[in-house]
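The next block holds one structure in the form of structure tokens; read it before the comments.
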Amino acid sequence: MRALVLASLLLAVLPFAGEAAAHPRIHTTINDSWRYAPGAIEGAERPGFDDSAWERIHLPHTWNRDDAFDEAPGYRRGAGWYRRALPLDPAVRGKRLFLYFEGANQVADVWVNGRAAGTHVGGYTAFAFEVTDLLRWDEPNVVAVRVDNSHHPDIPPLNADFTFFGGIYRDVWLIATEPVHFAVTHYASAGVFVDTPEISPEHSQVRFRTRVENQSDEDVEIKVVHTILAADGSEAFGVETGETAAAGTSTPTHVSGRRFESPRLWSPDDPYLYRVRSELFVGRTLRDVVETPLGFRWFEVDPEKGFFLNGAPLKLYGTNRHQDRAGFGNALSDPMHRRDVEIVKENGFRFLRLAHYPQDPAVLEAADRLGLVVWEEIPIVNLIGTSDAFAENSERMLVEMVRQHYNHPSIVFWGYMNEVLLTRPDPIPEGYYERVLELARRLEARVRLEDPTRLTVMALSRDEVPPKDHGVGSVTDVLGFNFYFGWYYETTGALGAFLDEFHRAHPGRPLMVSEYGAGSDERVHTTAPRPFDFSSEYAQLFHTESFPQLLEREYLAGTAVWNQFDFASELRNDTKHAINQKGLLFHDRTPKDSFFYYQAALLEEPVLRIASEWDVRAGSRPVDRFQPIRAYTNLDEVIFFVNGATTGPVAIRNRTAETSVLLRDGENEIRASGRRGEHWFTDLAVIRYDDRALPPAPGSVIAVNAGSHCSYVDAAELVWEADRPYEPGGWGHLGGETAKTHHRIFATPDDPLHQWSREGMEAYRFDLPDGTYEIELGMVEWSAAAHGARVFDVLVNGRGAIHSFDPARELGRHRPAIRKIVARASGGEGITISFIPRSGKPAVASIAIRRLF
């Protein structure tokens with residue numbers, strides 16, 4: 001399949017800074033000085049409504065910044081009101097005035113001076129309303145906006161693994177134009193569309209299309225002049241067209257087939273951008289100007305050889321991005337959006353999937369500038385509605401996305417469905433699968449009509465792979481797979497074989513792996529990583545085992561890690577509540593160790609980075625002092641130095657240098673030195689090791705993450721060691737088995753410590769010297785809801801300490817009970833904590849023993 005490039009166009013409702021004085025179009029953000037109040041408030045649209053008690057806020061804003069992460073289940077989904085006084089500059093008198101919203105989630109009703117300006121449905125595309133006739137010059141104007149993020153069966157997304165933050169979470173603009181102007185309200189597009197029907201390294205045919213609004217009272221002769229400017233500002237190309245624009249009409253203008261010689265091509269390695277200046281004249285008078293970046297490139301996808309850009313093969317190694325951030329929800333500033341895209345580029349990626357909705361204009365501007373190939377999609381995720389209104393809303397969202405972002409050179413793929421058969425209605429209505437297929441075909445036909453030059457794509461999970469997809473997966477040009485081998489199912493090693501089997505069965509189908517990833521928590525660590533333990537070490541193992549398999553398969557058009565950043569998903573109950581933890585960076589944009597593996601695998605510039613998430617460690621046995629250390633690198637040779645002592649050269653396999661080193665009690669300086677040719681590079685890290693070898697000194701602590709093979713580091717940097725069987729001279733459990741809950745733990749920040757338990761054990765034994773000890777037991781009920789289902793006694797050295805403990809009765813499920821006991825060890829007996837069942841099996845999640853005397 002082959003698709004020809006579009007010339008790039010930013011959302012061109014704004015001229016470049018510094019040109020406003022000579023520019024007939026005036027625009028400014030109106031993000032400041034808003035007032036906000038939650039709830040359905042009667043009469044809040046009226047100009048005289050008293051909003052003095054409302055919260056003062058600035059946009060962007062979401063009302064779910066905090067409650068999407070608190071202990072209470074769910075987050076507020078409903079109405080929120082915004083109001084603002086809107087003074088008018090005399091300079092805009094006589095112009096047409098528009099309110100332009102980059103995004104509000106998800107239904108927005110707008111009033112000006114108590115009169116309705118319009119309603120927009122959909123939380124992720126822009127919308128614009130003309131308000132000229134609603135404004136007043138003799139008294140203050142009031143803009144009121146009601147936004148509602150309630151679930152609605154006719155509005156996608158219906159169900160998804162991300163939080164549907166409510167609010168006006170992107171910029172709002174006031175735009176003033178002359179009565180004759182490029183369209184503003186045409187699906188909130190720029191009113192200018194540029195593409196290249198034919199293109200080669202030698203020349204390109206450039207086509208310009210515009211939509212001109214004549215809101216004057218008379219027919220006028222218009223002239224549209226398009227000028228292509230090189231990056232240095234020199235004029236490289238010009239063309240004009242003339243039309244008659246009837247009064248009160250919208251007039252399309254069209255210039256096609258103009259030849260541009262020797263264009264400098266846009267690519268990830270050389271993202272060269274031209275600039276198009278489109279000028280609208282009435283007679284000899286300039287009435288409007290739109291300026292847009294322009295990139296020339298063409299592409300195709302081959303089912304055997306993958307993706308090609310400008311005639312050369314290009315593997316689209318990339319990632320996914322959600323738009324929220326710790327402390328901000330989805331209400332990010334433009335610099336934050338741009339920084340996210342810069343991080344993607346710095347990671348070595350050249351492909352970015354915008355999951356699962358159209359994103360901020362700043363994101364696409366940065367992708368154009370930095371040279372990232374983009375897949376953008378509308379938010380039909382997991383489930384579809386079967387109503388006609390759902391299909392109509394979906395199609396309109398698609399049209400808005402395409403027309404608003406039509407000219408970005410970064411966009412290569414339009415997507416419109418993600419795992420739509422993953423969640424099914426209960427009961428499944430008759431004809432449901434046929435309805436899904438019908439909607440897919442409807443959207444495919446519409447995107448072909450809107451933009452036949454790009455490729456279409458959708459993503460399916462393993463359980464939806466054809467023939468289980470009921471034909472849906474055959475509709476688009478390219479099929480994306482969201483595969484989690486080694487996380488939700490099977491092993492990482494099964495990924496390549498599954499892909500090969502599908503490719504053999506469908507040799508003509510262009511394929512991508514649109515998601516693969518594993519969750520991790522910087523507090524959870526282990527030398528024996530396992531799927532779904534959320535250890536940093538398993539996430540690293542997952543990526544180092546998965547990515548080489550993707551590299552080996554030439555037929556894949558692209559791959560995308562899930563996800564670049566941890567993101568909000570309020571329904572999740574992993575080791576961090578309300579967070580999907582599969583990012584290569586944490587929610588606050590701190591990089592995880594896996595981030596550096598991809599840098600080493602993809603960048604040509606020197607990379608040497610010690611994996612340093614596990615920077616606080618502990619052990620109770622001499623053998624525990626031998627600890628693994630690794631670095632990710634693309635250098636030729638690596639040597640580690642530990643407290644000044646060298647390990648000698650370490651083998652580098654799959655961009656990873658790993659060895660075991662002997663740590664001392666306290667801080668350990670780890671230095672990695674690497675060579676490329678004659679040049680040496682260095683990275684430094686500090687690992688603190690708590691040597692708990694017995695006997696313990698007064699004040700020292702032995703802390704056990706009972707039932708878990710992972711250690712856990714709490715906020716006080718106390719290391720809770722991985723559980724183990726008892727060995728004479730040490731400590732450990734006598735019997736029992738591991739139990740784990742995937743549910744969040746309430747009333748504690750230490751979810752991972754209490755999500756694992758040892759169940760049904762006879763005792764824990766600690767061979768400690770004589771002395772006085774404080775014993776802290778953490779116990780949580782995760783399964784038995786009924787009182788009396790799990791009841792047990794706790795004895796310390798044979799003496800009763802806790803009698804008839806019933807965790808369900810005392811705290812209910814998923815809430816830890818912390819009990820402290822002071823006990824004496826004497827006569828060389830140490831400390832034995834016995835668990836005596838009365839009903840069910842006893843269970844303990846954590847044990848900490850601190851020596852007092």
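The values are calculated or read from the model by the stated rules, or taken from the named source; none is laboratory data. Remember, it's a predicted structure, so these values are computed and weren't measured experimentally. With ideal geometry, Cβ positions are generated from the backbone for all residues, glycine too; neighbour counts draw on all protein chains shown. The area values use the complete protein model at the heavy-atom level, side chains included, leaving out ligands, DNA and RNA. Shrake-Rupley method; radii C 1.70, N 1.55, O 1.52, S 1.80 Å.
Within the stretch 648-667, is even one residue out of contact with any strand residue (DSSP E or B) (no Cβ under 9 Å at 6 or more places or on another chain) and of a type outside the set (F, W, Y)?
First, pick out the residues of the stretch 648-667 that are out of contact with any strand residue (DSSP E or B) (no Cβ under 9 Å at 6 or more places or on another chain): 653-654.
From what is left, the residues that are of a type outside the set (F, W, Y) are 653-654.
Within the stretch 648-667, one or more residues are out of contact with any strand residue (DSSP E or B) (no Cβ under 9 Å at 6 or more places or on another chain) and of a type outside the set (F, W, Y).
Pairs meeting the criteria (first residue in the stretch 699-720 and on the phi < 0 side of the Ramachandran plot, second residue in a loop (DSSP other than H, G, I, E, B) and open to solvent by less than 20 Å² (accessible area, probe 1.4 Å), beta carbons under 6 Å, at least 6 apart or on different chains) are I702/R692; A706/A845; H709/T526; C710/T526; C710/D533. Does P529 meet the test of being within 30 Å of T590 (Cα to Cα) and without any contact (Cβ under 8 Å) to a residue 24 or more places away in the chain? In short, yes.
Can you list the strands (runs of 3 or more DSSP E) found entirely within the stretch 21-108 that contain at least 1 residues being open to solvent by less than 30 Å² (accessible area, probe 1.4 Å)? Reasoning before the result, please.
Details: elements: 26-29, 34-38, 55-57, 79-85, 96-101.
Output list reads 34-38, 55-57, 79-85, 96-101.
Residues that are crowded, with 16+ Cβ neighbours inside 10 Å and over 40 Å from the mean Cα position of the chain (by Cα) do occur in the stretch 287-303.
Inside the stretch 246-272, residues that are among the hydrophobic types (A, V, I, L, M, F, W, C) and either surrounded by 15 or more Cβ atoms within 10 Å (Cβ to Cβ) or closer than 26 Å to R369 by Cα (or both) make up a count of 4. Just one of (1) touching a Ser or Thr at 6+ places or on another chain (Cβ under 9 Å); (2) buried (at least 19 other Cβ atoms within 10 Å of the Cβ); (3) among the β-branched types (V, I, T) fails for V713. It is (1). If the condition is being in contact with an Asp or Glu (Cβ under 6 Å, 6 or more places away or on another chain) and small (G, A, S), then the stretch 520-563 contributes only S536. For the stretch 432-445, the set of residues classified as within 29 Å of the chain's Cα centre (by Cα) and open to solvent by 90 Å² or more (accessible area, probe 1.4 Å) consists of R441, R442, listed by residue number.
A quick yes/no check of all residues on (1) more than 24 Å from H543 (Cα to Cα); (2) modelled with pLDDT of 95 or more; (3) not in a strand (DSSP E or B):
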| site | (1), (2), (3) |
| --- | --- |
| R287 | yes, yes, no |
| T292 | yes, no, no |
| E300 | yes, yes, no |
| E304 | yes, yes, yes |
| F308 | yes, yes, no |
| Y317 | no, yes, no |
| N320 | no, yes, no |
| Q323 | no, yes, yes |
| G327 | yes, yes, yes |
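Whenever a residue of the stretch 728-756 is more than 17 Å from H814 (Cα to Cα), its partners that are among the hydroxyl-bearing types (S, T, Y) and open to solvent by less than 20 Å² (accessible area, probe 1.4 Å), lying with C-beta atoms within less than 8 angstrom and at least six residues away or across chains, give the pairs G730/S620; W731/S620; W731/Y764; G732/Y764; H733/Y764; L734/Y764. Only residues that are of a type in the set (S, T, Y) and either surrounded by fewer than 20 Cβ atoms within 10 Å (Cβ to Cβ) or in contact with a Pro (Cβ under 6 Å, 6 or more places away or on another chain) (or both) were counted across the stretch 474-494, and they come to 4.
In the list R523, R553, which residue meets the criterion of being modelled with pLDDT of 95 or more and touching a Leu at 6+ places or on another chain (Cβ under 7 Å)?
Working: R523 fails: touching a Leu at 6+ places or on another chain (Cβ under 7 Å).
Unique residue meeting the criteria: R553.
Restricting the search to strands (runs of 3 or more DSSP E) fully inside the stretch 740-821 and requiring at least 2 residues that are at pLDDT 95 or above and over 27 Å from A693 (Cα atoms) gives 791-796, 799-805.
Just one of the numbered conditions (1) open to solvent by 10 Å² or more (accessible area, probe 1.4 Å); (2) touching a Gly at 6+ places or on another chain (Cβ under 9 Å); (3) farther than 30 Å from N159 by Cβ is not true of A600: (1). Only one entry of V143, V147 meets the criterion of being part of a strand (DSSP E or B), within 21 Å of D51 (Cα to Cα) and either touching a Gly at 6+ places or on another chain (Cβ under 8 Å) or at pLDDT below 95 (or both), and that entry is V147. For the stretch 729-775, a residue qualifies if it is in contact with a Gly (Cβ under 7 Å, 6 or more places away or on another chain), among the charged types (D, E, K, R) and crowded, with 18+ Cβ neighbours inside 10 Å, and the qualifying residues are R758, E759, R765, D767. The residues in the stretch 253-286 that are over 38 Å from the mean Cα position of the chain (by Cα) and farther than 23 Å from V92 by Cα can be counted, and the count is 10. Taking the listed residues A128, A116, the one that is open to solvent by 30 Å² or more (accessible area, probe 1.4 Å), assigned to a strand (DSSP E or B) and more than 19 Å from F164 (Cα to Cα) is A116, with no other qualifying.
State whether one or more residues within the stretch 17-32 are touching a strand residue (DSSP E or B) at 6+ places or on another chain (Cβ under 7 Å), small (G, A, S) and either in contact (Cβ under 8 Å) with a residue 60 or more places away in the chain or within 15 Å of V172 (Cα to Cα) (or both). Lay out the reasoning, then the answer.
Residues of the stretch 17-32 touching a strand residue (DSSP E or B) at 6+ places or on another chain (Cβ under 7 Å): 20, 23-31.
Adding the requirement that they be small (G, A, S) leaves 20.
In the following step, the residues that additionally are either in contact (Cβ under 8 Å) with a residue 60 or more places away in the chain or within 15 Å of V172 (Cα to Cα) (or both) were identified as none.
For the stretch 17-32, residues touching a strand residue (DSSP E or B) at 6+ places or on another chain (Cβ under 7 Å), small (G, A, S) and either in contact (Cβ under 8 Å) with a residue 60 or more places away in the chain or within 15 Å of V172 (Cα to Cα) (or both): absent.
May I ask you to list the residues in the stretch 626-638 that are surrounded by fewer than 17 Cβ atoms within 10 Å (Cβ to Cβ) and in contact (Cβ under 8 Å) with a residue 40 or more places away in the chain?
Step one: list which residues in the stretch 626-638 are surrounded by fewer than 17 Cβ atoms within 10 Å (Cβ to Cβ), which gives 626, 628, 636-637.
Passing the criteria: P628, D636.
Just one of the listed residues (P452, P466, P429, P409) is touching a Gly at 6+ places or on another chain (Cβ under 9 Å), surrounded by fewer than 17 Cβ atoms within 10 Å (Cβ to Cβ) and not aliphatic (A, V, I, L, M), and it is P466. In a residue-by-residue description of the stretch 456-471, the property of being within 30 Å of F308 (Cβ to Cβ), part of a helix (DSSP H, G or I) and under 28 Å from the mean Cα position of the chain (by Cα) applies to at least one position.
Of all residues in the stretch 639-666 being free of Cβ contacts under 8 Å to residues at least 40 places away in the same chain and in a loop (DSSP other than H, G, I, E, B), which is most open to solvent (accessible area, probe 1.4 Å)? Per the criteria, the residue is R664.
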